[in-house]
Amino acid sequence: MQNTLKKPTLALTIAGSIFFAACNQSAPKSTIMRDSTSTKTTALPAATGFEQTIDGKKTELYVLKNKSGAEAAITNYGAHLVSLLVPDKNGKLTDVILGFDDIAGFQKAGGAYYGATIGRYGNRLAKAKFILDGKEYKLFANNGPNTLHGGKKGFDSMVWDAKQIDSSSIELTYLSKDMEEGFPGNLKVKVVYTLTDDNAVKITYEASTDKKTVVNLTNHSYFNLNGQGSGTALNHVVQIDADGYTPVDSILIPTGKIEPVKGTPFDFTTATAIGARIETANEQLKFGKGYDHNFVLKKHDISTPIANAVGDKSGIKLEVFTEEPGLQFYTGNFMNGSNTLKGGAKDEHRTAFAMETQHYPDSPNQPSFPSTMLKPGAVYKTVTIYKFSK
Ligand code: GLA
């Protein structure tokens, strides 16, 4: 079985190009202001916090800018998206991504994966193993008995090679060696971040292997559209184009079923505040300690958003476009204030949410889920766009 879902068709590519051309023509020319009076961060972190040598390689902070005044910061340590400044309804630049002022912050909070590029396999693999062509591959159990987000040292903790392509885009590459974290095949990975002029972060993932393997890459940014450090995310209004989701057991492994969202707190087909039903007596919400579930997206392509969220205070709207079939909607249920974010705010409970575009969790162990297998000679390529407007 080929990883067909990850291969964009020509039609998709053309549709994508038309979409980008259209968006570029209408790039907003807003007046940008920086607010220095609140606790929210309104500037990118200093580069010095990111200038280190880790595993014998240099780490740095890279800055992307677009013609509309938005700015993003990315580090090659774990290919993290560190900051993203976009204008709110009053034109004030607002940092909508949670992150840290230095690499030590990201390392200390490693288990939360703030802004990280996740690999080789996003989300959980049951019992820290999978079988490929009859052979069992044993992984590291870093989440109870399961493997989460790549294992003991996932792509989020690796130093990537970085090449800034131009002022608005950067290419990060990483070679995940055969049997690294127990996964077969030398996997060459490329992630390109582009800050487009219509205030979108476009993330292109590519990978190829020399042995059959499994791949599921994603970005683990936590969003607070009111601005990092501005309190609860529960009043954000969210919409997800999914009629179904993959329910989990008590340790968050999918049961293998796809259940309809209709009539449940998982129905986000119409825009609903995150907090409206999060405390409902519901076994799935109990298992997740809130929302921490994979939504089965309706048939879509990259030209139409599959999810959106609006910050109740800022008016900033996030639209998510992806070629992936699933979306892990995670409402920061494990956040507990133990980390100090950029500018001094604490990462308090549910003060952000993640929308991780992906193939479904545990797919290699779930024959009915779309395949995540990648064969030598095939190219894994998938695009996700986080677009911001007001
Ligand atoms: C994913 C998982 C969550 C949690 C976060 C990181 O979203 O599904 O359970 O582990 O990553 O804290």
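Here, each number is a calculation from the coordinates, and none is a lab measurement. Quick caveat: nothing in here was measured; it's all calculated off a predicted structure. Because the Cβ atoms are built from the backbone with ideal geometry, glycine has one as well, and the counts that use them run over all protein chains shown.
Summary table
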quantity	calculated
Residues with amide H under 5 Å from that of Val159, placed H, sequence gap 5 or more	Gly78
Assigned charges on the beta-carbon of Lys, Arg, Asp, Glu; the chain dipole about Cα centre (debye)	220
Of Ser176, Thr194, Gly337, farthest towards positive along the dipole that unit charges on Lys, Arg, Asp, Glu beta carbons give the chain	Ser176
Per-residue Cβ neighbour rank within 10 angstrom, fewest leading, Arg277, Arg350	Arg277, Arg350
Residue pairs, from the table Lys58/Lys177; Lys212/Lys387; Lys212/Lys289, whose Cα atoms sit over 29 Å apart	Lys212/Lys387; Lys212/Lys289
Which of Val248, Ala43, Thr269, positive extreme of dipole for the chain (C-beta unit charges)	Val248
Counted charge near Lys153, where neighbours are those whose Cβ lies closer than 9 Å (Asp, Glu -1; Lys, Arg +1)	-2
Principal axis dimensions, largest first and in whole angstrom, of the chain by Cα	59, 50, 45
Anchor Lys163: aspartates and glutamates whose Cα lies under 18 Å away (excluding residues fewer than 8 positions away in-chain)	Glu51, Glu60, Glu71, Glu171, Glu206
Positive minus negative residues near Asp292 (Lys, Arg vs Asp, Glu; Cβ under 14 Å)	0
Note, ³J(HN,Hα) from phi for segment 282-287, Karplus 6.51, -1.76, 1.60, rounded to Hz, x at Gly and Pro	8, 4, 5, 5, 5, 4
Sorted by Cβ neighbour density within 10 Å, fewest at the top, the residues Ser83, Ser176	Ser176, Ser83
Subset of Lys153/Lys286; Lys40/Lys390; Lys299/Lys381 violating a 25 Å alpha-carbon distance limit	Lys153/Lys286
